[in-house]
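J.: Here's a structure for you.
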Amino acid sequence: MKEAFFQLPGATWSMHLTEEVVEFLGSHAQLDSRAPESVGQLYSRDLTASVIVIERATKLRAKSASRVKVKFDPKEAYAERKVLFESGLHCVGLWHTHPEPTPSPSGDDKHLARDYALSAKSYVTGIVFAIVGNCPLPSGMRIWVDDRSKLLPANLIEAKPNYGD
């Protein structure tokens, strides 16, 4: 697998998912028709750069999981964020899997993204919401940013954008 870059249309910043993150996410893709969904969080060290490097992805323990739904404990997610924050990592969003080639958010997904964005409003202007499909990554992954009013789709771009930094 390779690293991936995503950008919101018209944005002056982009997201870089390291090769390790793309590989980790790909390892949880629902390639078997009976595989349950997985869920986790995404982390970056610097939220002020023109390229936000997502350098770590984690997997949260599922309270329940089926082929088309996964639930996790928000308290455990918070505890993970707190520990990783102490090592310099900021939670920038969530990822989960879908059993489809080109994933799109369900109504429940949109609600979860909005809840996360609203709860994070004190330290970020939006939350990254990634869905991993069952096609090879990075093309089998979709990313959105919830800015607390809209779920904005990000586009996969071929190479690191040059912002002059």
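J.: Only residues that are farther than 19 Å from T102 by Cβ, assigned to a loop (DSSP other than H, G, I, E, B) and in contact (Cβ under 8 Å) with a residue 24 or more places away in the chain: list them for region 15-40, please.
T.: Scanning region 15-40 gives T18, R34, P36.
J.: Here is a further query. What are the residues in region 41-77 that are assigned to a loop (DSSP other than H, G, I, E, B), closer than 19 Å to I131 by Cβ and under 16 Å from the mean Cα position of the chain (by Cα), if any?
T.: Correct list: T58, K59, L60.
J.: How many residues does region 70-82 contain that are in contact with a Leu (Cβ under 8 Å, 6 or more places away or on another chain) and touching a residue at least 24 places away in the same chain (Cβ under 8 Å)?
T.: Of the residues in region 70-82, 3 are in contact with a Leu (Cβ under 8 Å, 6 or more places away or on another chain) and touching a residue at least 24 places away in the same chain (Cβ under 8 Å).
J.: From R45, R67, which residue is in contact (Cβ under 8 Å) with a residue 12 or more places away in the chain, closer than 29 Å to W13 by Cα and surrounded by fewer than 18 Cβ atoms within 10 Å (Cβ to Cβ)?
T.: R45
J.: Right, another one. Within region 145-158, track down each residue that is over 12 Å from the mean Cα position of the chain (by Cα), at pLDDT below 95 and under 16 Å from H16 (Cα atoms).
T.: The answer is I157, E158.
J.: For the subset of region 115-144 comprising residues that are surrounded by 22 or more Cβ atoms within 10 Å (Cβ to Cβ) and among the β-branched types (V, I, T), which member is modelled with the lowest pLDDT?
T.: Only one residue tops the list, namely I127.
J.: Step by step: first the residues of region 81-114, then only those that are touching a Ser or Thr at 6+ places or on another chain (Cβ under 6 Å) and surrounded by 18 or more Cβ atoms within 10 Å (Cβ to Cβ), then the one that is farthest from S27 (Cα to Cα). Which residue is that?
T.: Once the filter is applied, the top-ranked residue is V92.
The values are calculated or read from the model by the stated rules, or taken from the named source; none is laboratory data. Quick caveat: nothing in here was measured; it's all calculated off a predicted structure. Using ideal geometry, Cβ is built from the backbone for each residue, glycine included, and neighbour counts are taken over all protein chains shown.
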